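Comments concern the structure below.
Values quoted throughout were computed directly from the atomic coordinates according to the rules given, and no laboratory measurement underlies them. On a predicted model such as this, the values are computed, not experimentally measured, just so you know. So basically every Cβ, Gly included, is an ideal-geometry build from the backbone, and we count neighbours across all protein chains shown.
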Amino acid sequence: MPSRYLDGFNLRVDDKQGSFSLSFVFSNKSLLKHYVLSAEGNLLDTYSSNGKDWSIEWSSLTSECDVYGKCGAFGSCNLNNSPICSCLKGFEPKNREEWNRENWTSGCVRRTPLQCMRASTGTGEDGKKDGFLKAKMMKTPSLANWSSNFEDECRYRCLENCSCLAYAYGSGFGCLSWSREYLIDSQQFSSGGVDLYVRVASSELDRMKDVKVIVIVTVVIGTAILAMCTFFFCRRMAKRKASKKKSKKNIMGGTYPIFHREENLAGNINQDKLQDQLPIFSLEELASATNSFDQSNKLGQDGFGPVYRGKLLDGQEIAVKRLARTSGQGMQEFMNEVTVISKLQHRNLVRLLGGCIEGEEKPLVYEYMPNKSLDAFLFGLNPKISDFGMARIFGGNEDQANTKRVVGTYGYMPPEYAMEGRFSEKSDIFSFGVLLLEIVCGRKNTSFYHDEETMSLSRFAWKMWKTDNMPALIDPKVLKPDFEKEILRCIHVGLLCVQDLPKDRPTVSIAISMLKSEIDDLPCPKQLVFTANQITAPESEASCHNQRICSINNVTNTMVRGR
């Protein structure tokens, strides 16, 4: 309180009666003061300027820690802690069980008796005196003794007095000391307060020193270990970078080319883009898994390049699709395929596990399918596909465009794309329709030779549909009387998907609804005009045209090798 308040208080003690009385006279007669001690022990200061309207100026209790003796003897209250009560340094709970139940009324006791006490009983340690442990930002305990001593003298007098439990010094209030049986009503603030020096045994001071030493040693050792690990890690990374700069043994024989700085920079950028999509494998890791891409591990080949079987160090089997140098596929097509396939998760899609970009090598890692490819087994397993080849032709966020580079698997490409380079959202549904007809028919689209009248599977399916000769189209293995309606619906939907004009084809979502019989009234498919022989192959393959059996669909050069 300011001095004007302190001067007005008067505490009277009547030892005979054993009573206390407090009186207060305020110098300002125009301001009326009214103090009320509530049943909860809360002292309220109310005031009035007219004697009628009273207002509360302050309350002695604003938090739990303001309750007198909340944490008992030698306890300290802190609202920022949980629990709010703790023992002062050098003390421990008197009743641990009650303390754990957050009943702190029993307070705390010393861990080690003071030297003064042991000296009086003859059990003291020679040469060792009690000392003080500092508690910062404290509200001082109650029932303090005040003196005008300076700080050094305040400390000395308390240390020489065995009954002195603690002291505090401040330039604004002088020297305070406590010499009763215990310290009561201590509180620690988050800011402000004073430094309270609590008397403890010399062994407690040694313990605190040991704790400081342990902390310092731990920090020093930890810092040294961290520095050593950082040094060895940086050294190892430097060695790895140096080894990568040297020519390495090529997985196909020879050496890797040493790329210029600009090419390495572009590779790093693409590597970062790939890492945003998929886990990264090193080329060395994939070469080891596939025995340097040995031909004995080759599973097949598609428009992208050959696919090899491999096994990682943890035993997981994988299929590695390696970009063929002659495929004509560039970084744009590679990143498009990664972007499209990595975002698709379906039980009928082969899962893409990761990828790699090192120099000219851009392999993709897929889950390994033990039952070979879809063209070998259409039934008796859960078929999966990786893509229809369309992912490579899209650039950025395009959904419809013209392209000068025709990529994909011939026989599965829509006519407008194969002939004019136009693709749209209706392009993939054409490929899906071909696949759907293959499943029902049990034959490859490429199994119809150029001298057959039908020319292609879709043309053959249309012919059988038009002549109502479905048994000739359906594979006997799937032709079951109980499923005839579903099979006919699959053929109907497949023919709608392979219509010549994109506008006549359904979207993917509509095709799914048709297959699920959510749409009953299906439109009648139109007659197919384009045939496989009308979709000419690239000029580089034109020399094959006059040979009798150079290609089973007359549009591609075909080698006897699994797709």
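I'd like to compare 294-301, 65-72: which one has the highest average count of other Cβ atoms within 10 Å, and what's the full order after that?
Order by mean packing, descending: 65-72, 294-301.
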Using a Förster distance of 60 Å, the FRET efficiency for ILE225-TYR68 (Cβ separation, nearest 0.05):
0.75
Extension reserve of the SER202-LYS239 stretch, reckoned as 0.36 nm per residue once the Cα distance is removed:
7.8 nm
Looking at region 66-200, send over the antiparallel percent of its DSSP beta bridges, to the nearest 5.
95
Once phi is turned into θ = phi - 60°, what whole-Hz ³J(HN,Hα) does the Karplus curve with 6.51, -1.76 and 1.60 give for every residue of region 165-178, x standing for Gly and Pro?
8, 6, 8, 8, 9, x, 5, x, 10, x, 9, 10, 9, 10
Each residue of region 498-505 in order: what ³J(HN,Hα) in whole Hz does its phi give by Karplus 6.51 cos²θ - 1.76 cosθ + 1.60, θ = phi - 60°, with x for Gly and Pro?
9, 4, 5, 9, x, 5, 8, 8
Once label points are set 7 Å from the Cα along Cα→Cβ at both VAL478 and SER509, what is their separation, rounded to one decimal in nm?
2.6
Virtual spin-label span in nm between GLU486 and LYS526, 7 Å along Cα→Cβ:
3.2
What is the distance, in nm, between label points placed 7 Å from the Cα along the Cα-to-Cβ direction at LYS33 and at GLN316?
7.8
Computed Rg/Rh of region 66-200, alpha carbon atoms with Kirkwood Rh
0.98
Given H placed on each backbone N at 1.01 Å, which residues far from GLY354 in sequence or on other chains put an amide H within less than 5 Å of it?
VAL365
Amide H contacts of PHE132 (H built 1.01 Å from N, under 5 Å, at least 5 apart or other chain):
VAL200
